[in-house]
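What follows is a set of notes on a single structure, which appears directly below.
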Ligand code: UN1
């Protein structure tokens, strides 16, 4: 464990061995201070991709034959290791990715909870028995693992997302080749260390650190039997196409442009707080973050005044400082891209209503609130349709529930939605009418519990949902057995 803040040595994990990458040097930097190297090493090359797959393939049969209870023990031990090191790893997360320390520690805890949840799988229902129309017969539906699966994860939840992909993959008997985002390799290393400390058999989990293009080499491996991906819609779609061309299942969790809808009857104080958290925690870098705010005009001014008042006390700065509410974006390149998006939005008619202060340093930006004038301008504005992945919230005023729901639906994405109302009928109507994967009534748009399905509609998701029982649908295929005595 690195306590001195010396750069951590990055290594690949192949067939149960920690080895240096064969390709170019690769380093990660502190999000809040790009001069500081957090972890350094070298990227994996194509041969190492092959090595990872051949190790995962050799390990798969015996791993799948092990009783699920035995596999669960490894998950429990890995979770215990994460809990033991939660403070140190949470701090590393905060330093490398830029979210605040409580969020970093919270995410490592969440990763442990996810492993513990899947370690409980042997105690849950294993399959289904159906009636047969024929006497003396039962019809059983049981699950088998896919085989070797690839897990490709984004920078923004560098340990929780890999945990929620790897844990179900392993518990159902798959072996894994894991390729994390190259911006945040350290947390991936820590997760794999947790499994190594749990003495996971060699080859069951392999780590490849390297640039995004390693994904192409991964997709080309003959042993590959399934891919779970979280990231941008652009990358996700080409990955889905490549997987379909190979005839293998793919699960892609992609972009969002999630709305908070605040109706005239809402509890405004509650709504303001939840919108604040949904839009600006983790610097808005969540696929579930609130990035559109649809306000009934009756309460719009009051709501915005309350929100600006809260934002005046929202501190952007060093994520390790306990006073700070919001760290930097993951890097300066992201900030420049977001600023460009804001300028385009303004050129297309958006008005900048609020911009919070932030340190004058690479990667930092304060919270931004844009407003769109009503007259149909939203339809063409990038701040309404494009995912900025940043602390930018775009407001639209509407009149009444129908207009609010129509505005909410005006998106190619359909991940999460937060509805603020005290009317049960309106909440039920939203559940029926709004095409989103996750609906929050009177809570923020972000967040995901380990035991329930997670994923979106429309352009936000492809393939079976993640987490909870939904994960089994992706990581296994079924065998239907017609069973008769003889
Ligand atoms: C959350 O809202 O806590 O990439 C999780 C993302 C999502 C995870 C969100 N896959 O932001």
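Values in this text are rule-based calculations from the coordinates and carry no lab data. Worth saying up front: this structure is predicted, and the values here are computed from it rather than measured. Note that we place each Cβ from the backbone using ideal geometry, even for glycine, and neighbour counts take in every protein chain shown.
Observations, loosely collected:
- Length gained when the stretch residue 213-residue 68 is fully extended (0.36 nm per residue, less Cα-Cα span): 48.8 nm
- Considering all different alpha carbon pairs of segment 258-449, the Kirkwood hydrodynamic radius works out to 16.5 Å.
- With a Förster radius of 25 Å applied to the C-beta separation of residue 144 and residue 246, the computed FRET efficiency comes to 0.85.
- In terms of its C-alpha gyration tensor, segment 322-397 comes out prolate, because a/c is 1.5 or above and the ratio a/b outweighs b/c.
- Restricting attention to the chain, close to 45% of DSSP beta bridges with both partner residues there are antiparallel.
- Part-to-part distance (alpha-carbon centres) for segment 380-420 and segment 6-29, which is given in Å: 41
- Inter-part distance where segment 62-90 and segment 227-256 are each reduced to a Cα centre, Å: 27
- Shown here: the chain, whose C-alpha atoms stretch 72, 65, 39 Å along the first, second and third principal axes, sorted largest to smallest.
- Per-residue ellipticity at 222 nm, computed for the chain from helices alone with -39500 (n - 2.57) per DSSP H run of at least four residues, works out to -12000 deg cm²/dmol.
- On Cα atoms only, tilt of 268-280 relative to the major axis of the chain in degrees: 60
- For the pair residue 482 and residue 427, a Förster radius of 51 Å applied to the C-beta separation gives a FRET efficiency near 0.70, rounded to the nearest 0.05.
- Inter-label distance, nm, simple model (7 Å from Cα along the C-beta direction), residue 238/residue 124: 3.5
- Extending 7 Å from the Cα toward the beta-carbon at both residue 33 and residue 297 defines two label points whose distance is 5.1 nm.
- Across segment 393-486, C-alpha contacts under 8 Å between residues 6 or more apart give a mean separation that, scaled by the residue count, equals a relative contact order of 24 percent.
- Residue list for segment 94-111, given a label point 7 angstrom along the Cα-to-Cβ vector of residue 443 and an amide N cut-off under 18 Å: 103, 106-107, 109-111
- Angle in degrees between helix 185-197 and the longest Cα principal axis of the chain, rounded to the nearest 10: 40
- Note on segment 258-449: antiparallel DSSP beta bridges, both residues inside, total approximately 15 percent of the bridges counted.
- Straightening the chain between residue 137 and residue 347 buys 68.7 nm, computed as 0.36 nm per residue apart minus the Cα-Cα spacing.
- For q = 0.18, 0.22, 0.24, 0.28 Å⁻¹, Debye-computed log10 I/I(0) when each Cα of segment 92-169 counts as one equal scatterer: -0.83, -1.02, -1.10, -1.25
- The fewest-to-most ranking of 217, 402 by surrounding Cβ atoms within 10 Å reads 402, 217.
- Stretching the chain fully between residue 273 and residue 386 yields a gain of 38.3 nm (0.36 nm per residue, less the alpha carbon separation).
- Each residue in 310, 71 was given a count of other beta-carbon atoms within 10 angstrom of its own, and listing them fewest first yields 310, 71.
- 0 to 90° range, to nearest 10: angle between helix 101-119 axis and the chain longest Cα axis: 40
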